[in-house]
Structures are given as structure tokens and as C-alpha cells.
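Q: The structure under discussion is supplied below as C-alpha cells; questions concerning it will follow.
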Amino acid sequence: MRTDSSPGNLPAREHLPAGSAGTPVLDVVIPVYNEEKDLQPCVVRLHEHLKRTFPYAFRITVADNASTDTTPQVAARLESEIPEVRSFRLEQKGRGRALRTVWSASDAPILAYMDVDLSTDLNALLPLVAPLISGHSDLAIGSRLARSSRVVRGAKREFISRTYNLILRGSLQARFSDAQCGFKAIRRDVAQVLLPLIEDTGWFFDTEMLVLAERAGLRIHEVPVDWVDDPNSTVHIVKTATDDLKGVWRVGRALATGSLPLDRLARPFGDDPRDRDLTDVPKGLARQLVGFCVVGVLSTLFYLLLYSGFRSFSGSQIANALALLVSAVANTAANRRLTFGVRGRGSAVRHQAQGLVVFGIGLALTSGSLAALNAATNSPAHSTELAVLIAANLAATVLRFLLFRAWVFPDRRDETEASAVVASRNPSSHNPSSPTYGTTTAAHQQHPQQLPHQQHPHTPLPQRPNATAPQAPYTNYDHSQTNEFRAGEAADRTWGDATMQLQAVRPHDHDPRDTRDAR
């Protein structure tokens, strides 16, 4: 599959509209395990900060990871005392499992999490989520390794953190600076499609989420933070580091084999309508040229080494044919994966067969050049043969790129977009009542009134309610009112792909539950 040819399962980013409604804009999740002492001061401090500085409605969710102390009782007491606090209990440990479960069931358009020790300065929270609210970015992370960050921690943790991020840069080509800072946020429409691709349920969850998002071309916003290390942290460094390295190997292998359907996360090109009106403009030409040139240079060096080796025991024509055949197979495989972004084994045989046709054309060109050289000179020098072959290969390279781009690996994007347009005009393919921020099954699409907690895509952005205003019911975690997610299914990713379908947002969509007069 080609990650650059899909029109994308995600809609174009849009700024969430301002206004007032019952659904919180931000849901901050605090995963905890045996934190009976730190939980209450953490939640109270966070709640006071949000109440004082955050301009929209919010929720704080305590996700208990199978604690064995009185943490569940503390969370329940906080829920009863503070209207914006909710508690959720999991019977299995794992920070990643807790985040996946709560984020999957939340109805807030912006999802965030932070560690219970609140090591990160809370003044960075609004800058963290603002790009997600505005529609500028898909994910946001706090970075302790940015130049303007101020960090207080021991040399051991500093060394481990920087070493881990260097490993990510070297092995997974990660460009974000800090994968482990417990201060992150994501748009809910992105989380709906990204979470089913993440396998880890522990501490590597963050890294896997960021790597997949970056490889899929999603926009990650980094916020420099002030961070003070918690000396009483219960994280087991050695075990966590070992699990992280295993995760790096697993994700790297999956990316190398193309087994991850990252094209599900593709965004439309540009949010400005003028960008979509451009016609007859080659897509990705510059990137493909650079990739093709790099592969071509390496293939030429590989070819010359093979030719020199084969020439030692055979004639020039046979050595040229063998060297060109072997290098052509390697060249087609490299261009398929690196230049044109084709992943997986689908159509690999057909691509190699077409590549061999291109090889035949190159063989005719280079062999013809050698034949012309031999006709002009009876015993040409080896250096002269190489010079002629280099010139012939340059001409064959240009022809090979044109054939690869137009015939072997054509860009199917226009055809796919045309099919999507035809599908969008089919009234049976969309449900006008489907919300933008919702995960709906087929049954729910037929009965939208069964989803009272979901927000219409054009509903204004909720403001923070007054202290005396009644709080909207938190129906997502009430399993007696909804069967969209069960904790075990959300944690173990056992739901089917049908639950992750996102409906296109259209201006004429209307929510039957909206009782306001039409304007």
C-alpha cells in the first residue's frame, strides 16, 4: 500500500468553533497505580489551575491501573466532591492500557494526559492543547530536551533520557525531541484511528504513538516545559528500558516490512480550498527525484562492482548483462519502497516483472553502447569501457525514472480521490447524523438517537460552566447506558475496524437532536 496515494481517513483540520455546550473540550487523564498519597493534592492542584486559566469546559479523569491500596477510594471521593472529576477503574496494570481505554471512550474533542506527580509546570498546559483546538496540529508533546526548557533532575535520568531519544533517532528516524515526557495531548478524531494501530500497553505506548503518527505525516507540536524530577518515582528504570528497546525493535520491524496501514492516518493536502483546486501538478515529484537519485547512485556503484567482478571471468557483454540484472532487481526493490512509498508484498511480483522490462530497455542501451565502442576500437581499455557504461547508465537512469513513475509505480491518487467523490455523492454511503468526533458501529449509525453523549460537528466549543451550573452526565463510562466500548475490548484492541469509521463532515449535515431554529 502507498501511504502517499490515499485521500485519507481523517478530515482536514478545522478550528473547533467557540460557544457553549455541555461536552467538555479537554479531558485530562491521570493514570495512577498505588498513588493514595499523591492523588488528592495532584487533582486539586490541577483542577484549581484549569478553573483559573483554562477558557473552556474541561474534565479530569483518574484512570486507576489495578491499584491495591486505597487509591480507588481516594479517586471516588474526589469524583463526589469535584464536579469536573471522574474516576475509572481498570483491573489490569499498564499506563498505555489505561490511556487507550479512557481516550477511546471519552467524548471530549481534545484528549491529554499527565503524570500524577505533576513534574511538568502546569503553565505549559494551555500552550500544549491550543494548537489542537485551533486545528493546526494533530498531537502535542511537552519536551524536556528543548533548548528553552528548564529541567531539574539527576545525571542518571538525564543520561538515560538522552540516550533513549538518540536510539529513537538512529533506529526509527524519529524527529521529535522527547518521547518520554508525561505531558501529551491528541485530537480525538486522530486518536480514533491511531489507537488501534498501537500494540503496547505499558510505558512504550507514548513512543509508539509518536513514531506512527510521525511516519504517517501527522503534525506534532512540541512545547518546551519546565520540569522537576520526582525523587520518589516508582518507575523501574531497568525493566522499563528493556521493554522500550523491545518495542523499538518491534515497531522498526513493522515499519520496515510495511505491515502497518499508516495510510489510514493520511490528511488531505492543505486546508485552504485553493490548494485543492490545483490541477495538473505532479504530486511528490521533488521527493521522488531525490529518492530516485540516491538509489540510482548506490545502484550504479553496486553495478560497477558487480561488472568488475563478473568481467574477471567472462566477456564484457556477459558481465554487463549479469551485473545489470542483479542491480536492476535491487534497484526496483529499493525504488519501490523508498522512492515511491509502496509497502507490503502486494503486487511485488508484478512490479519486479515490469522492472525487468525496464531492465531490458537499459540492457539494450548499455549493450548497444558497448557494441558501438567495440566497433570503433578493437581492444578498448577497461577505464574506457567504464566511462562509456557510466554515460549509458545516466541515459538509462533518466528513462528508468520516467517509466517507473508513469508505468511501474503510477500515482493512483487522482483515481482514488475521484472514487471518494463518487462515494460521497451516494446518499447511502453516509449518515448525515454521524458526528465528527464519534466512533459508531453500523447499528449506531442506523439509530443515532442512541448516542446522546456525542457532539454534533457544528456544535459550538463548550465554555467552562459556572460553579452553580449542572454538570453534563458522563455517559461514556456508564456501561449501563452505552455498549460502544468495554474496558477489556478497548484495552486489548479487540473491536473491529467497523467501529473506527469516520464520517465526512459536510456543511449540510444536521443533527436531529438539535432543537434550535434553523437560521
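The values are calculated or read from the model by the stated rules, or taken from the named source; none is laboratory data. In this text, all values refer to a predicted model and were calculated from it rather than measured experimentally. In this analysis, Cβ positions are derived from the backbone assuming ideal geometry, glycine residues included, and neighbour counts consider all displayed protein chains. Remember, those area values only see protein heavy atoms, side chains included, never the ligands or the DNA or RNA. Shrake-Rupley method; radii C 1.70, N 1.55, O 1.52, S 1.80 Å.
Q: When only C-alpha pairs under 8 Å and at least 6 residues apart count, what is the relative contact order of region 272-406, in percent?
A: Relative contact order of region 272-406: 23 percent.
Q: Calculate the tail of P(r) for region 346-391: the fraction of all Cα-Cα distances greater than 16 Å, expressed in %.
A: Result for the distance tail: 49 percent.
Q: Mind running the shape call on region 95-145? Use the C-alpha gyration tensor, a ≥ b ≥ c as the square roots of the eigenvalues: rounded below 1.5 for a/c, prolate if a/b tops b/c, oblate otherwise.
A: Oblate shape, in that a/c is at least 1.5 and b/c is the bigger or equal ratio.
Q: Quick one: pull the percent of accessible area on region 356-413 belonging to carbon and sulfur, 1.4 Å probe, ligands and nucleic acids left out.
A: Of the solvent-accessible surface of region 356-413, carbon and sulfur hold 70 percent.
Q: While we're here: Using protein chains only and a probe of 1.4 angstrom, how many square angstrom of S316 are accessible, to the nearest 10?
A: Here the accessible area works out near 20 Å².
Q: Ignoring ligands, DNA and RNA, what percent of the 1.4 Å accessible area of region 87-200 is carbon and sulfur?
A: That fraction is 53 percent.
Q: As a test of reading the structure, rank C293, C42 by solvent-accessible area (1.4 Å probe, protein chains only), most first.
A: C293, C42
Q: Taking the Cα centre of each part, how many Å lie between region 141-163 and region 86-102?
A: For region 141-163 versus region 86-102, the Cα centre distance is 27 Å.
Q: For a quick check of your reading of the filter: which GluC sites (Glu not before Pro) in region 65-167 sit in a DSSP loop and have no more than 11 other Cβ atoms within 10 Å?
A: Qualifying residues, ordered by number: E91.
Q: Something else now. Rank these by accessible area, largest first, 1.4 Å probe: I198, I361, I318.
A: Result of the area sort, largest leading: I318, I361, I198.
Q: If you count only protein heavy atoms and use a 1.4 Å probe, how large is the accessible surface of W203, to the nearest 10 Å²?
A: W203 has an accessible surface of roughly 110 Å² with all protein chains in place.
Q: Follow-up question, since we're still on this one. Determine the shape class of region 305-351: with a ≥ b ≥ c the square roots of the Cα gyration tensor eigenvalues, call it rounded for a/c under 1.5, and otherwise prolate if a/b is greater than b/c, oblate otherwise.
A: Prolate, because a/c is 1.5 or more and a/b exceeds b/c.
Q: Would you check the accessible area of K246, probe 1.4 Å, heavy atoms only, in square angstrom rounded to 10?
A: Surface open to solvent at K246 totals about 130 Å².
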